[in-house]
Each structure stands twice: as C-alpha cells, then as structure tokens.
Amino acid sequence: EAGVAQSPRYKIIEKRQSVAFWCNPISGHATLYWYQQILGQGPKLLIQFQNNGVVDDSQLPKDRFSAERLKGVDSTLKIQPAKLEDSAVYLCASSLAAPLGGYTFGSGTRLTVV
Amino acid sequence: DQQVKQNSPSLSVQEGRISILNCDYTNSMFDYFLWYKKYPAEGPTFLISISSIKDKNEDGRFTVFLNKSAKHLSLHIVPSQPGDSAVYFCAASAVFGNEKLTFGTGTRLTIIP
C-alpha cells in the first residue's frame with residue numbers, strides 16, 4: 001500500500017509571498033487532514049475533509065490559509081500572504097479506521113518563512 | 001488551552017530497561033487515546049491505541065495504560081532498543097469529535113546503548 005504523498009518536502013519563501021502544498025492520500029481513504037506542527041509543539045489540526053466536504057476548519061486562519069480537495073482525492077493547502085509565524089512542518093494525513101486505527105501521515109512539508 | 005499534556009520533554013533510558021512515557025489530559029470527552037512515534041524528517045507513525053472502556057492494551061514490547069479517573073495514560077516500552085529513540089506524541093480523540101486528534105507536545109526518548 002502506497003503511503004500519503006506530499007510535495008514539496010522543503011520550501012523557503014519570503015514573508016508576504018504565497019505558497020502551496022500538495023497531498024495525495026492513501027487510495028480509498030475518505031478522510032483527509034492537514035496539520036501544522038511548529039517546532040517544539042505537537043501537530044495542530046488545520047482542516048479536515050470527508051471526501052470533498054469540509055468537516056472541521058475551526059483552527060484554520062481563513063484570512064490567509066485556504067484548502068481544497070477536488071474530487072475527494074488530492075488536496076492542496078495554500079498560504080497567502082505568508083507570515084514569519086507560519087514557519088512549520090505541514091503534515092497531511094488520511095484515515096480509514098480512525099480513531100483507534102490512527103491516521104497515516106505523510107512526511108510533511110517543512111516551510112521556512114524569512 | 002493545552003488539553004493533552006506531556007510534561008517531560010525528554011527521557012533517556014538504558015538499552016534493555018523499561019521506558020515509561022506519560023501523558024495527561026483535561027477534556028473528559030476524550031475516549032480514544034493513541035501514541036505516535038516520530039523520527040526526524042518523517043511524519044508521525046501510529047504505534048498503539050486504547051479505548052476508554054479498557055485500562056490496558058498490549059502490542060509486543062509496547063503497552064499503554066489508561067487511568068480515566070486520573071485522566072492519565074502511559075506508554076511502556078520493554079525492553080527498550082536503540083531503534084526506539086524518537087519523539088513520542090500522545091493524542092486523544094472524542095467519539096463525537098469527528099475523529100479529530102488533539103496532540104501533546106511530545107517526549108524525546110533516547111535509548112543509551
């Protein structure tokens with residue numbers, strides 16, 4: 001079984017620029033999550049999709065962050081404009097048997113905003 | 001508001017001994033608890049979980065204990081091996097919470113050969 005694919009692995013941008021991350025979940029996993037992990041902290045949920053519908057985006061800073069999941073498969077997360085405090089690892093995960101089965105996370109995208 | 005807390009940022013254990021990682025939570029609605037392991041430059045990987053109807057779950061060298069009255073859970077690794085060196089995250093979920101996981105801040109475990 002292929003894992004959760006994310007790209008790019010690393011990205012460095014200047015503040016006020018825009019950036020986009022891509023995620024391809026495990027085939028058949030209806031639920032997709034984007035988490036933000038700031039250095040020294042645990043992952044924090046940004047947005048959760050069930051198929052192509054949003055289940056929870058209560059912690060997504062909607063003035064600058066947006067996400068979509070077209071056709072209920074791939075997803076993109078965008079930041080525009082980026083701030084210094086957005087520097088973090090952005091993790092995508094998908095699930096079939098949550099919560100007890102856990103999520104499967106991708107390797108993440110490390111964003112540095114300078 | 002940190003609903004899941006891991007108060008020990010780091011822990012060092014001799015190879016072959018028992019590693020005990022602790023986690024406390026404040027939200028009484030949580031009823032599923034999970035442990036994830038994370039190596040550098042990789043995403044977290046699911047390790048073991050427990051439902052609130054149980055107080056213990058075992059999988060090989062890994063055992064998770066849940067004390068609901070104290071809102072405390074722990075992960076025991078025995079015997080500890082060098083490959084266990086990683087950051088361990090505790091996470092919790094509520095059955096009516098859309099399967100959303102709330103994570104602790106992590107404990108870095110170092111196994112000393």
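The values are calculated or read from the model by the stated rules, or taken from the named source; none is laboratory data. Worth saying up front: this structure is predicted, and the values here are computed from it rather than measured. Reconstructed Cβ throughout: ideal geometry from the backbone, glycine too, with neighbour counts over all protein chains shown.
With within 18 Å of A:G42 (Cα to Cα) and either touching an Asp or Glu at 6+ places or on another chain (Cβ under 7 Å) or not in a loop (DSSP other than H, G, I, E, B) (or both) as the only criterion, which of B:L11, B:L66 stands out?
Details: B:L66 fails: within 18 Å of A:G42 (Cα to Cα).
Exactly one residue qualifies, and that residue is B:L11.
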Q: Would you please name the residue that is nearest to B:S93 (Cα to Cα), looking only at residues in region B:32-45 that are surrounded by 19 or more Cβ atoms within 10 Å (Cβ to Cβ) and within 8 Å of chain A (Cβ to nearest Cβ)?
A: B:Y32
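If I go through region B:63-92 residue by residue, how many of them are in contact with a Pro (Cβ under 8 Å, 6 or more places away or on another chain) and away from every other protein chain (no Cβ under 14 Å)?
Taking region B:63-92 and keeping what is in contact with a Pro (Cβ under 8 Å, 6 or more places away or on another chain), we get B:82, B:89.
If we keep only those that are away from every other protein chain (no Cβ under 14 Å) too, we end up with B:82.
Matching residues across region B:63-92 total 1.
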Q: Scan (1) of a type in the set (A, V, I, L, M); (2) outside any loop (DSSP other than H, G, I, E, B); (3) closer than 30 Å to A:A30 by Cβ for the single condition B:M29 breaks and write down its number.
A: (2)
Q | Odd one out for A:P61 among (1) at the interface with another protein chain (Cβ under 10 Å from one of its Cβ atoms); (2) within 14 Å of the chain's Cα centre (by Cα); (3) assigned to a loop (DSSP other than H, G, I, E, B) | A | (1)
Q: Give just the number: which of (1) buried (at least 16 other Cβ atoms within 10 Å of the Cβ); (2) of a type in the set (D, E); (3) out of contact with any Ser or Thr (no Cβ under 7 Å at 6 or more places or on another chain) does B:D84 not satisfy?
A: (3)
Q. Here are some conditions: (1) modelled with pLDDT of 95 or more; (2) surrounded by 13 or more Cβ atoms within 10 Å (Cβ to Cβ); (3) under 27 Å from A:T109 (Cβ atoms). B:S10 meets all but one. Which one does it not meet?
A. (2)
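Would you check if A:A67 is without any contact (Cβ under 8 Å) to a residue 60 or more places away in the chain, part of a loop (DSSP other than H, G, I, E, B), among the hydrophobic types (A, V, I, L, M, F, W, C) and away from chain B (no Cβ under 11 Å)?
no
Every residue, every condition in (1) within 10 Å of another protein chain (Cβ to nearest Cβ); (2) touching a residue at least 60 places away in the same chain (Cβ under 8 Å), yes or no:
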| residue | (1), (2) |
| --- | --- |
| B:S8 | no, yes |
| B:Q14 | no, yes |
| B:S19 | no, yes |
| B:C23 | no, yes |
| B:N27 | no, yes |
| B:L47 | yes, no |
| B:E58 | no, no |
| B:R61 | no, no |
| B:T105 | yes, yes |
